[in-house]
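Presented below is the structure to which this report refers.
The values are calculated or read from the model by the stated rules, or taken from the named source; none is laboratory data. Predicted model only: the values in this text are computed from it and were never measured. Note that each Cβ is placed from the backbone with ideal geometry, even for glycine, and that neighbours are counted across all protein chains shown. We work out accessible area using only protein heavy atoms, side chains counted, and drop any ligands, DNA or RNA first. Shrake-Rupley method; radii C 1.70, N 1.55, O 1.52, S 1.80 Å.
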Amino acid sequence: MPLALVFLLLIAIPALEIAVFIVVGGRIGVLATLALVLLTAVIGTLLLRVQGLSVVARIRAETDRGRLPGRELGDGLMIVIAAVLLLTPGFVTDTAGLVLFVPAVRAAIWRLIAPRISVVVATGRRRAGTVVDLDATEFRERPGAAPGRRLPEHEG
């Protein structure tokens, strides 16, 4: 994302939120507006809990089947983004957050972004070999070596 677009969004979104607050506050009153913002934060928290637990269960199921849970991880990320948007005070961000909680919307977004994602799987396997345990008297700093990297005495 170009830096100019990020800067524009950082200016435009709060300005839009302020404008919507003024309009909504003028129509339904200040207390009702604040209550509505608080309500959306509570709804976001509940939706995050319900849908988040569902995604975690799907991730586990895919992992247990030996498959990469790419789509499930994408859903999880979008649900977290939706919750953050709902917890952010404002009606524009609340609307975007609520829309992201809709599974069909997340599926459509996933279809758009999935071809652009490259997944690398690390198995966590280690190379077989001998482990050598040295204490502080068995090694020294080697001049020119990376800071903090120590080598055994006999290699210096």
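Table for the structure above
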{"item": "Selected residue [open to solvent by less than 60 Å² (accessible area, probe 1.4 Å) and either outside any helix (DSSP H, G or I) or in contact (Cβ under 8 Å) with a residue 60 or more places away in the chain (or both)] from E17, E62", "result": "E17"}
{"item": "Verdict on G52 being part of a helix (DSSP H, G or I), within 27 Å of D75 (Cα to Cα) and at pLDDT below 85", "result": "no"}
{"item": "Residue among L87, L100 that alone is modelled with pLDDT under 85, under 30 Å from I22 (Cβ atoms) and within 15 Å of the chain's Cα centre (by Cα)", "result": "L87"}
{"item": "Matching residues, segment 20-56, being open to solvent by 50 Å² or more (accessible area, probe 1.4 Å) and more than 28 Å from the chain's Cα centre (by Cα)", "result": "I22, V23, G26, R27, I28, V30, L31"}
{"item": "Flag if R111 is in a helix (DSSP H, G or I), surrounded by 15 or more Cβ atoms within 10 Å (Cβ to Cβ) and not hydrophobic (A, V, I, L, M, F, W, C)", "result": "no"}
{"item": "Odd one out for T40 among (1) free of Cβ contacts under 8 Å to residues at least 40 places away in the same chain; (2) of a type in the set (S, T, Y); (3) touching an Asp or Glu at 6+ places or on another chain (Cβ under 6 Å)", "result": "(1)"}
{"item": "Residues that are part of a helix (DSSP H, G or I) and either under 15 Å from L85 (Cβ atoms) or open to solvent by 70 Å² or more (accessible area, probe 1.4 Å) (or both), drawn from segment 1-14", "result": "L3, A4, L5, F7, L8, L9, L10, I11, I13, P14"}
